[in-house]
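The values are calculated or read from the model by the stated rules, or taken from the named source; none is laboratory data. The model shown is predicted, which means the values in this text are computed figures rather than measured ones. Don't worry about glycine lacking a Cβ; one is built from the backbone with ideal geometry, like all the others, and counts go over all protein chains shown.
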Amino acid sequence: MFKNNKIYNQNLITKSENLTFLKKDSFSIMRKAASVCSKFILKNYNPKKVVILCGPGNNGGDGLLIANNLLKKNIKVQIFAPICFAKSKDSKKAYNKLINKKIIKNKLDLKNCDLFVDALFGYNFNKKFSHKLTKIINEINSKSFSKIAIDVPSGVYCDNGKISNSAIQADITLTFHRLKPCHVLQPGKDLSKKVKIFDIGLADLDNKTNINLLKPPKLKSFSSNLHKYNRGELFIFGASEMVGASKLATLAASQIALKSGAGIVKLLVNNKSKNFYKSHVLEELIVSYLNINDVKKIIKKANSTFLFGCGLETNNENSNILELLLKSKNKLVIDASSFSLIKKNLKKFISLLKFRKSETILTPHFGEFKKIFKTSENKINDTISAASLTNSTILFKGNDTVISDQTGQTYINYFSSPYLATAGSGDVLAGIIASLLSQNYKALNAAALGCWLHSQAAINIDKNLTAKDIIEILPIILKKIS
(Lines give C-alpha, C1' and ligand atoms only; values in the text may rest on other atoms or scores of the structure.)
Protein backbone atom coordinates (compact mmCIF):
# COMPACT_ATOMS: atom_id res chain seq x y z
CA MET A 1 0.00 0.00 0.00
CA PHE A 2 0.98 3.63 -0.44
CA LYS A 3 1.07 6.15 2.41
CA ASN A 4 -0.70 8.73 0.27
CA ASN A 5 -3.45 7.78 -2.18
CA LYS A 6 -3.72 11.08 -4.04
CA ILE A 7 -2.90 11.10 -7.75
CA TYR A 8 -1.40 14.17 -9.45
CA ASN A 9 -1.76 14.69 -13.19
CA GLN A 10 0.90 16.46 -15.25
CA ASN A 11 -0.55 19.90 -14.66
CA LEU A 12 -0.79 19.47 -10.89
CA ILE A 13 2.69 18.03 -10.37
CA THR A 14 4.04 20.96 -12.43
CA LYS A 15 2.19 23.41 -10.17
CA SER A 16 3.54 21.63 -7.12
CA GLU A 17 7.10 21.94 -8.40
CA ASN A 18 6.70 25.60 -9.38
CA LEU A 19 5.28 26.49 -5.97
CA THR A 20 8.15 24.67 -4.31
CA PHE A 21 10.74 26.47 -6.40
CA LEU A 22 9.45 29.84 -5.18
CA LYS A 23 10.79 28.91 -1.74
CA LYS A 24 13.49 26.34 -2.42
CA ASP A 25 16.31 26.15 -4.94
CA SER A 26 15.20 23.82 -7.73
CA PHE A 27 18.62 22.20 -7.97
CA SER A 28 18.47 21.25 -4.31
CA ILE A 29 15.26 19.35 -5.07
CA MET A 30 16.98 17.58 -7.98
CA ARG A 31 19.83 16.62 -5.67
CA LYS A 32 17.34 15.27 -3.13
CA ALA A 33 15.61 13.20 -5.81
CA ALA A 34 18.92 11.76 -7.01
CA SER A 35 20.01 11.10 -3.44
CA VAL A 36 16.96 9.02 -2.48
CA CYS A 37 17.20 7.05 -5.73
CA SER A 38 20.92 6.41 -5.23
CA LYS A 39 20.37 5.23 -1.66
CA PHE A 40 17.63 2.90 -2.87
CA ILE A 41 19.96 1.42 -5.48
CA LEU A 42 22.79 0.96 -3.00
CA LYS A 43 20.50 -0.65 -0.44
CA ASN A 44 18.70 -3.03 -2.80
CA TYR A 45 21.26 -3.89 -5.48
CA ASN A 46 24.90 -4.80 -5.64
CA PRO A 47 25.66 -3.80 -9.23
CA LYS A 48 28.96 -4.33 -10.97
CA LYS A 49 28.07 -2.19 -13.96
CA VAL A 50 25.25 0.36 -14.17
CA VAL A 51 24.10 1.85 -17.47
CA ILE A 52 22.08 5.07 -17.17
CA LEU A 53 20.04 6.37 -20.10
CA CYS A 54 19.97 10.16 -19.82
CA GLY A 55 17.84 12.73 -21.63
CA PRO A 56 18.26 16.46 -22.18
CA GLY A 57 16.00 17.72 -19.38
CA ASN A 58 15.67 17.45 -15.63
CA ASN A 59 14.99 13.71 -15.70
CA GLY A 60 18.37 13.39 -17.38
CA GLY A 61 19.78 15.66 -14.67
CA ASP A 62 18.52 13.17 -12.07
CA GLY A 63 20.38 10.47 -13.99
CA LEU A 64 23.62 12.46 -14.06
CA LEU A 65 23.49 13.02 -10.29
CA ILE A 66 22.65 9.36 -9.64
CA ALA A 67 25.67 8.42 -11.74
CA ASN A 68 27.85 10.75 -9.70
CA ASN A 69 26.60 9.29 -6.42
CA LEU A 70 27.34 5.75 -7.61
CA LEU A 71 30.79 6.73 -8.88
CA LYS A 72 31.63 7.97 -5.38
CA LYS A 73 30.88 4.42 -4.16
CA ASN A 74 33.34 3.00 -6.72
CA ILE A 75 30.61 1.46 -8.87
CA LYS A 76 31.27 1.24 -12.59
CA VAL A 77 28.83 3.53 -14.39
CA GLN A 78 28.22 4.37 -18.03
CA ILE A 79 25.92 7.13 -19.26
CA PHE A 80 24.35 6.96 -22.69
CA ALA A 81 22.56 10.07 -24.00
CA PRO A 82 20.98 9.11 -27.35
CA ILE A 83 19.53 12.58 -27.98
CA CYS A 84 21.66 15.03 -26.02
CA PHE A 85 22.10 15.92 -22.36
CA ALA A 86 22.34 18.83 -19.96
CA LYS A 87 20.08 21.22 -21.85
CA SER A 88 18.02 22.50 -18.88
CA LYS A 89 19.46 24.85 -16.26
CA ASP A 90 19.57 22.26 -13.49
CA SER A 91 20.77 19.41 -15.68
CA LYS A 92 23.73 21.62 -16.69
CA LYS A 93 24.53 22.00 -12.99
CA ALA A 94 24.26 18.24 -12.62
CA TYR A 95 26.68 17.75 -15.50
CA ASN A 96 29.17 20.16 -13.90
CA LYS A 97 29.04 18.06 -10.70
CA LEU A 98 30.00 14.88 -12.55
CA ILE A 99 33.41 13.76 -11.27
CA ASN A 100 34.23 11.71 -14.35
CA LYS A 101 32.78 12.99 -17.61
CA LYS A 102 34.43 10.20 -19.60
CA ILE A 103 31.64 7.84 -18.50
CA ILE A 104 29.34 9.57 -21.01
CA LYS A 105 29.39 7.37 -24.11
CA ASN A 106 28.14 7.99 -27.62
CA LYS A 107 27.19 4.33 -28.06
CA LEU A 108 24.99 2.04 -25.97
CA ASP A 109 27.13 -0.66 -24.38
CA LEU A 110 25.09 -3.21 -22.44
CA LYS A 111 27.85 -5.81 -22.14
CA ASN A 112 28.17 -6.99 -18.51
CA CYS A 113 25.46 -4.54 -17.45
CA ASP A 114 23.56 -5.85 -14.42
CA LEU A 115 21.51 -2.74 -13.60
CA PHE A 116 19.89 -0.26 -15.97
CA VAL A 117 18.50 3.15 -14.97
CA ASP A 118 16.06 4.98 -17.23
CA ALA A 119 16.40 8.76 -16.86
CA LEU A 120 15.60 9.67 -20.44
CA PHE A 121 12.24 11.43 -20.04
CA GLY A 122 10.12 12.18 -16.99
CA TYR A 123 6.44 13.03 -16.62
CA ASN A 124 6.60 15.73 -19.33
CA PHE A 125 7.13 13.26 -22.17
CA ASN A 126 4.68 14.12 -24.98
CA LYS A 127 6.22 12.89 -28.23
CA LYS A 128 6.75 9.71 -30.21
CA PHE A 129 10.08 7.96 -30.27
CA SER A 130 12.18 8.17 -33.39
CA HIS A 131 13.03 4.94 -35.18
CA LYS A 132 16.49 5.12 -33.60
CA LEU A 133 15.13 5.51 -30.07
CA THR A 134 12.59 2.75 -30.60
CA LYS A 135 15.38 0.34 -31.55
CA ILE A 136 17.35 1.36 -28.44
CA ILE A 137 14.36 0.89 -26.12
CA ASN A 138 13.52 -2.48 -27.65
CA GLU A 139 17.11 -3.65 -27.24
CA ILE A 140 17.10 -2.62 -23.57
CA ASN A 141 13.77 -4.35 -22.95
CA SER A 142 15.11 -7.56 -24.49
CA LYS A 143 17.80 -7.86 -21.80
CA SER A 144 17.31 -9.66 -18.49
CA PHE A 145 19.11 -7.20 -16.21
CA SER A 146 17.13 -5.22 -13.63
CA LYS A 147 15.59 -2.01 -14.93
CA ILE A 148 14.75 1.04 -12.82
CA ALA A 149 12.69 3.92 -14.23
CA ILE A 150 13.10 7.34 -12.66
CA ASP A 151 9.73 9.05 -12.17
CA VAL A 152 7.96 7.57 -15.24
CA PRO A 153 9.13 4.84 -17.64
CA SER A 154 10.29 6.64 -20.77
CA GLY A 155 7.76 6.40 -23.56
CA VAL A 156 4.74 6.47 -21.22
CA TYR A 157 2.43 9.50 -21.24
CA CYS A 158 1.82 10.87 -17.76
CA ASP A 159 -1.91 11.56 -17.80
CA ASN A 160 -3.29 8.47 -19.51
CA GLY A 161 -0.75 5.66 -19.20
CA LYS A 162 -0.65 5.20 -22.97
CA ILE A 163 2.67 4.69 -24.71
CA SER A 164 4.60 5.99 -27.66
CA ASN A 165 5.60 3.42 -30.26
CA SER A 166 7.71 1.85 -27.51
CA ALA A 167 8.43 2.29 -23.80
CA ILE A 168 10.80 1.10 -21.11
CA GLN A 169 9.56 -2.00 -19.31
CA ALA A 170 10.70 -1.28 -15.77
CA ASP A 171 11.03 -3.72 -12.89
CA ILE A 172 10.46 -0.83 -10.51
CA THR A 173 9.65 2.86 -10.91
CA LEU A 174 10.98 5.39 -8.43
CA THR A 175 8.70 8.40 -8.48
CA PHE A 176 8.44 11.57 -6.43
CA HIS A 177 5.84 13.19 -4.19
CA ARG A 178 2.67 11.47 -5.48
CA LEU A 179 1.50 8.81 -7.89
CA LYS A 180 0.78 9.92 -11.46
CA PRO A 181 -2.09 8.55 -13.60
CA CYS A 182 0.40 6.61 -15.75
CA HIS A 183 1.41 4.52 -12.74
CA VAL A 184 -2.12 3.18 -12.30
CA LEU A 185 -3.64 3.19 -15.81
CA GLN A 186 -2.83 0.52 -18.38
CA PRO A 187 -0.48 -0.06 -20.07
CA GLY A 188 1.63 2.36 -17.98
CA LYS A 189 0.68 0.38 -14.88
CA ASP A 190 2.33 -2.77 -16.23
CA LEU A 191 5.31 -0.86 -17.60
CA SER A 192 5.89 0.86 -14.25
CA LYS A 193 5.44 -2.47 -12.47
CA LYS A 194 6.27 -1.89 -8.80
CA VAL A 195 6.12 1.80 -7.84
CA LYS A 196 7.91 3.43 -4.92
CA ILE A 197 7.16 7.04 -3.97
CA PHE A 198 9.80 9.29 -2.42
CA ASP A 199 9.14 12.52 -0.54
CA ILE A 200 11.51 15.18 -1.86
CA GLY A 201 9.83 18.20 -0.27
CA LEU A 202 7.42 19.32 -2.98
CA ALA A 203 4.37 21.45 -2.16
CA ASP A 204 1.27 19.61 -0.95
CA LEU A 205 -1.62 20.25 -3.35
CA ASP A 206 -3.72 17.27 -2.30
CA ASN A 207 -6.82 19.45 -2.00
CA LYS A 208 -6.52 20.29 -5.71
CA THR A 209 -7.11 16.76 -6.98
CA ASN A 210 -10.24 14.60 -6.96
CA ILE A 211 -8.35 11.58 -8.27
CA ASN A 212 -7.49 8.98 -5.66
CA LEU A 213 -6.14 5.49 -5.44
CA LEU A 214 -8.75 3.06 -4.13
CA LYS A 215 -7.84 2.11 -0.57
CA PRO A 216 -9.17 -0.41 1.97
CA PRO A 217 -12.63 0.89 2.88
CA LYS A 218 -14.51 0.98 6.15
CA LEU A 219 -17.47 -1.30 6.63
CA LYS A 220 -20.62 -0.33 8.46
CA SER A 221 -21.33 -2.24 11.64
CA PHE A 222 -24.64 -4.07 12.02
CA SER A 223 -26.88 -3.10 14.92
CA SER A 224 -28.78 -5.71 16.94
CA ASN A 225 -32.23 -4.43 15.95
CA LEU A 226 -31.84 -5.06 12.21
CA HIS A 227 -34.18 -7.35 10.34
CA LYS A 228 -33.91 -8.65 6.78
CA TYR A 229 -35.85 -5.79 5.19
CA ASN A 230 -34.12 -2.83 6.80
CA ARG A 231 -30.75 -4.54 6.44
CA GLY A 232 -31.11 -4.32 2.67
CA GLU A 233 -33.71 -5.48 0.15
CA LEU A 234 -32.48 -6.17 -3.36
CA PHE A 235 -34.45 -7.09 -6.49
CA ILE A 236 -32.56 -8.76 -9.34
CA PHE A 237 -34.14 -9.29 -12.74
CA GLY A 238 -33.50 -12.86 -13.83
CA ALA A 239 -32.79 -14.02 -17.36
CA SER A 240 -35.36 -16.10 -19.22
CA GLU A 241 -32.95 -17.99 -21.46
CA MET A 242 -31.73 -20.38 -18.81
CA VAL A 243 -28.55 -21.67 -20.39
CA GLY A 244 -24.85 -21.07 -19.82
CA ALA A 245 -23.84 -17.50 -19.14
CA SER A 246 -27.41 -16.23 -18.67
CA LYS A 247 -28.07 -18.71 -15.88
CA LEU A 248 -24.67 -18.02 -14.32
CA ALA A 249 -25.14 -14.25 -14.42
CA THR A 250 -28.41 -14.17 -12.50
CA LEU A 251 -27.56 -16.75 -9.87
CA ALA A 252 -23.99 -15.52 -9.29
CA ALA A 253 -25.25 -11.97 -8.73
CA SER A 254 -27.96 -13.09 -6.32
CA GLN A 255 -25.72 -15.37 -4.27
CA ILE A 256 -22.94 -12.81 -3.89
CA ALA A 257 -25.50 -10.15 -2.91
CA LEU A 258 -26.50 -12.24 0.10
CA LYS A 259 -22.87 -12.95 0.98
CA SER A 260 -22.21 -9.18 0.79
CA GLY A 261 -24.74 -8.44 3.50
CA ALA A 262 -28.11 -7.84 1.83
CA GLY A 263 -30.95 -8.95 4.11
CA ILE A 264 -33.15 -10.33 1.38
CA VAL A 265 -32.74 -10.91 -2.34
CA LYS A 266 -35.75 -11.29 -4.61
CA LEU A 267 -35.39 -12.66 -8.11
CA LEU A 268 -37.85 -11.08 -10.51
CA VAL A 269 -38.49 -13.65 -13.23
CA ASN A 270 -40.91 -14.15 -16.07
CA ASN A 271 -43.55 -16.69 -15.09
CA LYS A 272 -42.40 -19.10 -17.80
CA SER A 273 -38.98 -19.36 -16.08
CA LYS A 274 -40.30 -19.74 -12.54
CA ASN A 275 -39.97 -23.50 -12.34
CA PHE A 276 -36.36 -23.41 -13.44
CA TYR A 277 -35.46 -20.98 -10.67
CA LYS A 278 -37.37 -23.01 -8.10
CA SER A 279 -35.02 -25.90 -8.68
CA HIS A 280 -31.87 -23.77 -8.37
CA VAL A 281 -32.32 -21.14 -5.68
CA LEU A 282 -31.94 -21.64 -1.97
CA GLU A 283 -32.03 -18.39 0.01
CA GLU A 284 -33.45 -16.07 -2.65
CA LEU A 285 -37.17 -15.41 -2.99
CA ILE A 286 -38.81 -15.71 -6.41
CA VAL A 287 -41.21 -13.02 -7.58
CA SER A 288 -42.76 -13.95 -10.92
CA TYR A 289 -44.56 -11.73 -13.40
CA LEU A 290 -46.76 -12.38 -16.40
CA ASN A 291 -46.34 -9.13 -18.29
CA ILE A 292 -45.05 -5.58 -18.20
CA ASN A 293 -48.04 -4.39 -16.16
CA ASP A 294 -47.09 -6.80 -13.37
CA VAL A 295 -43.54 -5.46 -13.46
CA LYS A 296 -44.81 -1.89 -13.33
CA LYS A 297 -46.80 -2.64 -10.18
CA ILE A 298 -43.84 -4.33 -8.48
CA ILE A 299 -41.47 -1.45 -9.28
CA LYS A 300 -43.98 1.17 -8.19
CA LYS A 301 -44.71 -0.56 -4.89
CA ALA A 302 -41.06 -1.16 -4.01
CA ASN A 303 -38.81 1.26 -2.18
CA SER A 304 -35.69 -0.76 -2.68
CA THR A 305 -32.62 -1.38 -4.80
CA PHE A 306 -32.72 -3.06 -8.21
CA LEU A 307 -29.99 -4.78 -10.21
CA PHE A 308 -30.75 -4.92 -13.91
CA GLY A 309 -28.85 -6.39 -16.84
CA CYS A 310 -27.11 -9.59 -15.71
CA GLY A 311 -27.69 -12.19 -18.43
CA LEU A 312 -30.82 -10.50 -19.74
CA GLU A 313 -32.04 -10.73 -23.30
CA THR A 314 -31.85 -7.62 -25.48
CA ASN A 315 -35.52 -7.31 -26.38
CA ASN A 316 -38.41 -4.82 -26.25
CA GLU A 317 -39.77 -6.15 -22.96
CA ASN A 318 -36.49 -5.59 -21.14
CA SER A 319 -36.11 -2.19 -22.77
CA ASN A 320 -39.51 -1.23 -21.36
CA ILE A 321 -38.54 -2.58 -17.93
CA LEU A 322 -35.35 -0.52 -17.93
CA GLU A 323 -37.38 2.56 -18.77
CA LEU A 324 -39.74 1.85 -15.84
CA LEU A 325 -36.79 1.46 -13.49
CA LEU A 326 -35.20 4.71 -14.63
CA LYS A 327 -38.45 6.55 -14.05
CA SER A 328 -38.88 5.03 -10.57
CA LYS A 329 -37.66 6.22 -7.18
CA ASN A 330 -35.71 3.01 -6.56
CA LYS A 331 -31.93 2.82 -6.38
CA LEU A 332 -30.48 1.09 -9.39
CA VAL A 333 -27.38 -0.76 -10.59
CA ILE A 334 -27.16 -1.10 -14.38
CA ASP A 335 -24.94 -3.82 -15.84
CA ALA A 336 -24.22 -6.05 -18.85
CA SER A 337 -27.12 -6.30 -21.34
CA SER A 338 -28.46 -2.93 -20.23
CA PHE A 339 -25.87 -1.14 -22.33
CA SER A 340 -27.08 -2.78 -25.53
CA LEU A 341 -30.62 -1.74 -24.62
CA ILE A 342 -29.52 1.83 -23.95
CA LYS A 343 -27.63 1.99 -27.25
CA LYS A 344 -30.82 1.19 -29.20
CA ASN A 345 -32.50 4.35 -27.90
CA LEU A 346 -29.55 6.33 -26.68
CA LYS A 347 -31.03 9.81 -26.52
CA LYS A 348 -34.06 8.72 -24.49
CA PHE A 349 -32.13 6.63 -21.99
CA ILE A 350 -29.38 9.21 -21.44
CA SER A 351 -32.09 11.77 -20.74
CA LEU A 352 -33.78 9.44 -18.25
CA LEU A 353 -30.47 8.84 -16.51
CA LYS A 354 -29.56 12.51 -16.42
CA PHE A 355 -32.77 13.62 -14.74
CA ARG A 356 -33.01 10.68 -12.37
CA LYS A 357 -33.06 11.65 -8.69
CA SER A 358 -32.36 8.27 -7.10
CA GLU A 359 -28.86 6.83 -6.83
CA THR A 360 -27.70 5.05 -9.94
CA ILE A 361 -24.54 3.04 -10.69
CA LEU A 362 -23.43 1.90 -14.15
CA THR A 363 -20.78 -0.84 -14.39
CA PRO A 364 -19.57 -1.17 -18.02
CA HIS A 365 -16.42 -2.80 -19.32
CA PHE A 366 -14.74 -1.13 -22.30
CA GLY A 367 -16.90 -2.77 -24.97
CA GLU A 368 -20.07 -1.76 -23.13
CA PHE A 369 -18.78 1.71 -22.29
CA LYS A 370 -18.05 2.63 -25.91
CA LYS A 371 -21.57 1.60 -26.93
CA ILE A 372 -23.04 4.63 -25.16
CA PHE A 373 -20.20 7.00 -24.29
CA LYS A 374 -17.46 8.78 -26.19
CA THR A 375 -14.01 7.38 -25.62
CA SER A 376 -10.61 9.04 -25.88
CA GLU A 377 -7.07 8.13 -24.90
CA ASN A 378 -7.80 9.14 -21.27
CA LYS A 379 -9.83 6.66 -19.22
CA ILE A 380 -10.09 9.00 -16.23
CA ASN A 381 -11.51 11.85 -18.29
CA ASP A 382 -13.90 9.50 -20.09
CA THR A 383 -15.26 8.14 -16.80
CA ILE A 384 -15.69 11.59 -15.28
CA SER A 385 -17.50 12.81 -18.42
CA ALA A 386 -19.81 9.78 -18.45
CA ALA A 387 -20.69 10.29 -14.77
CA SER A 388 -21.49 13.95 -15.41
CA LEU A 389 -23.55 13.17 -18.51
CA THR A 390 -25.68 10.55 -16.76
CA ASN A 391 -25.81 12.10 -13.28
CA SER A 392 -24.64 8.70 -12.05
CA THR A 393 -21.72 6.83 -10.58
CA ILE A 394 -19.73 5.08 -13.31
CA LEU A 395 -17.52 2.08 -12.65
CA PHE A 396 -15.46 1.62 -15.82
CA LYS A 397 -14.14 -1.90 -15.42
CA GLY A 398 -10.71 -3.28 -16.22
CA ASN A 399 -7.42 -4.14 -14.56
CA ASP A 400 -7.30 -0.38 -13.95
CA THR A 401 -10.95 0.16 -12.97
CA VAL A 402 -11.88 3.86 -12.74
CA ILE A 403 -14.85 4.94 -10.61
CA SER A 404 -16.31 8.47 -10.78
CA ASP A 405 -19.47 10.17 -9.61
CA GLN A 406 -21.25 13.25 -10.91
CA THR A 407 -19.13 15.55 -8.70
CA GLY A 408 -15.93 14.36 -10.37
CA GLN A 409 -14.71 12.46 -7.31
CA THR A 410 -12.67 9.59 -8.75
CA TYR A 411 -11.06 6.38 -7.52
CA ILE A 412 -8.72 4.07 -9.44
CA ASN A 413 -8.23 0.44 -8.47
CA TYR A 414 -4.53 -0.44 -8.41
CA PHE A 415 -4.47 -3.84 -6.71
CA SER A 416 -6.26 -6.23 -9.03
CA SER A 417 -5.84 -9.70 -10.49
CA PRO A 418 -5.69 -11.05 -14.06
CA TYR A 419 -7.70 -14.05 -12.86
CA LEU A 420 -10.82 -11.84 -12.79
CA ALA A 421 -10.96 -12.08 -16.58
CA THR A 422 -13.44 -14.94 -16.46
CA ALA A 423 -17.13 -15.52 -17.14
CA GLY A 424 -19.37 -14.45 -14.27
CA SER A 425 -16.79 -12.20 -12.62
CA GLY A 426 -18.59 -9.02 -13.73
CA ASP A 427 -21.96 -10.34 -12.55
CA VAL A 428 -20.47 -11.07 -9.15
CA LEU A 429 -19.12 -7.51 -8.98
CA ALA A 430 -22.53 -6.09 -9.89
CA GLY A 431 -24.13 -8.24 -7.18
CA ILE A 432 -21.71 -6.99 -4.51
CA ILE A 433 -22.25 -3.35 -5.48
CA ALA A 434 -26.04 -3.71 -5.60
CA SER A 435 -26.01 -5.41 -2.21
CA LEU A 436 -24.00 -2.55 -0.69
CA LEU A 437 -26.28 0.03 -2.30
CA SER A 438 -29.28 -1.75 -0.74
CA GLN A 439 -27.52 -1.45 2.64
CA ASN A 440 -27.58 2.35 2.27
CA TYR A 441 -23.99 2.89 1.25
CA LYS A 442 -23.80 5.97 -0.96
CA ALA A 443 -23.43 5.12 -4.64
CA LEU A 444 -19.75 6.11 -4.94
CA ASN A 445 -18.89 4.26 -1.73
CA ALA A 446 -20.84 1.18 -2.77
CA ALA A 447 -19.03 1.07 -6.11
CA ALA A 448 -15.61 1.67 -4.56
CA LEU A 449 -16.09 -0.83 -1.73
CA GLY A 450 -17.54 -3.41 -4.11
CA CYS A 451 -14.61 -3.05 -6.48
CA TRP A 452 -12.10 -3.38 -3.65
CA LEU A 453 -13.78 -6.48 -2.18
CA HIS A 454 -14.03 -8.08 -5.62
CA SER A 455 -10.33 -7.54 -6.33
CA GLN A 456 -9.21 -8.67 -2.89
CA ALA A 457 -11.18 -11.89 -3.28
CA ALA A 458 -9.31 -12.67 -6.50
CA ILE A 459 -5.95 -11.66 -5.02
CA ASN A 460 -6.53 -14.01 -2.09
CA ILE A 461 -7.54 -16.87 -4.38
CA ASP A 462 -4.49 -16.16 -6.57
CA LYS A 463 -5.19 -18.79 -9.23
CA ASN A 464 -7.63 -19.48 -12.02
CA LEU A 465 -11.06 -18.95 -10.51
CA THR A 466 -14.78 -19.08 -11.11
CA ALA A 467 -17.58 -16.83 -9.94
CA LYS A 468 -18.37 -19.48 -7.32
CA ASP A 469 -14.84 -19.15 -5.87
CA ILE A 470 -15.36 -15.42 -5.32
CA ILE A 471 -18.75 -16.05 -3.70
CA GLU A 472 -17.23 -18.55 -1.29
CA ILE A 473 -14.25 -16.45 -0.22
CA LEU A 474 -16.04 -13.11 0.14
CA PRO A 475 -17.17 -13.64 3.78
CA ILE A 476 -13.53 -14.25 4.72
CA ILE A 477 -12.49 -10.97 3.07
CA LEU A 478 -15.32 -9.12 4.84
CA LYS A 479 -14.28 -10.60 8.18
CA LYS A 480 -10.68 -9.51 7.65
CA ILE A 481 -11.52 -5.87 7.09
CA SER A 482 -14.24 -5.63 9.74
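Report yes if some residue within segment 176-189 is over 18 Å from Gly398 (Cβ atoms) and without any contact (Cβ under 8 Å) to a residue 40 or more places away in the chain; otherwise report no. No, segment 176-189 contains no residue that is over 18 Å from Gly398 (Cβ atoms) and without any contact (Cβ under 8 Å) to a residue 40 or more places away in the chain. Screening Gly408, Gly426 for residues that are at positive phi and within 20 Å of the chain's Cα centre (by Cα) leaves exactly one candidate, Gly408.
Of the strands (runs of 3 or more DSSP E) lying entirely inside segment 265-350, those containing at least 2 residues that are under 23 Å from Glu368 (Cβ atoms) are 305-308, 331-334. Applying the set (1) under 30 Å from Ser404 (Cβ atoms); (2) polar (S, T, N, Q); (3) touching a residue at least 24 places away in the same chain (Cβ under 8 Å) to Asn18 leaves exactly one unmet item: (3). Set side by side, the residues Phe355, Phe369 differ, and just one is among the aromatic types (Phe, Trp, Tyr) and in contact with a Ser or Thr (Cβ under 9 Å, 6 or more places away or on another chain), which is Phe369. Checking segment 61-77 against the condition returns a match, with at least one residue being touching a strand residue (DSSP E or B) at 6+ places or on another chain (Cβ under 9 Å), over 22 Å from Asn126 (Cβ atoms), charged (D, E, K, R) and without any contact (Cβ under 8 Å) to a residue 40 or more places away in the chain.
Considering segment 288-309, and only residues there that are touching an Asp or Glu at 6+ places or on another chain (Cβ under 9 Å) and closer than 22 Å to Lys278 by Cα, the residue that is surrounded by the most Cβ atoms within 10 Å (Cβ to Cβ) turns out to be Leu307.
Scanning segment 429-453 for residues that are within 16 Å of Gln409 (Cα to Cα) and either hydrophobic (A, V, I, L, M, F, W, C) or within 16 Å of the chain's Cα centre (by Cα) (or both) returns Ala443, Leu444, Asn445, Ala446, Ala447, Ala448, Leu449, Cys451. Can you work out which of the residues in segment 374-396 that are surrounded by fewer than 21 Cβ atoms within 10 Å (Cβ to Cβ) and farther than 20 Å from Lys189 by Cα is nearest to the chain's Cα centre (by Cα)? By that ranking, first place goes to Ser385.
Restricted to strands (runs of 3 or more DSSP E) entirely inside segment 374-461, those with at least 2 residues that are not β-branched (Val, Ile, Thr) are 393-396.
With respect to the stated conditions, Ala448 is out of contact with any helix residue (DSSP H, G or I) (no Cβ under 8 Å at 6 or more places or on another chain) and closer than 22 Å to Ile236 by Cα.
Being over 20 Å from Lys196 (Cβ atoms), at pLDDT below 95 and surrounded by fewer than 16 Cβ atoms within 10 Å (Cβ to Cβ) is a description that does not apply to Lys72.
For Ala239, the stated conditions hold: it is buried (at least 20 other Cβ atoms within 10 Å of the Cβ) and either at pLDDT 70 or above or assigned to a helix (DSSP H, G or I) (or both). Among the residues making up segment 135-175, those that are surrounded by fewer than 20 Cβ atoms within 10 Å (Cβ to Cβ) and either modelled with pLDDT under 95 or basic (Lys, Arg) (or both) are Lys135, Lys143, Lys162, Ser164, Asn165, Ser166.
When Leu213 is tested against (1) in contact with a Leu (Cβ under 9 Å, 6 or more places away or on another chain); (2) farther than 20 Å from Ala448 by Cα; (3) hydrophobic (A, V, I, L, M, F, W, C), just one condition goes unmet, and that condition is (2). For segment 461-471, a tally of residues being surrounded by fewer than 16 Cβ atoms within 10 Å (Cβ to Cβ) and at negative phi returns 3.
In this structure, Phe415 qualifies as surrounded by fewer than 18 Cβ atoms within 10 Å (Cβ to Cβ), on the phi < 0 side of the Ramachandran plot, under 13 Å from the mean Cα position of the chain (by Cα) and not basic (Lys, Arg).
Asn18 passes every criterion in (1) in a loop (DSSP other than H, G, I, E, B); (2) farther than 23 Å from Val195 by Cα; (3) of a type outside the set (Val, Ile, Thr) apart from (1).
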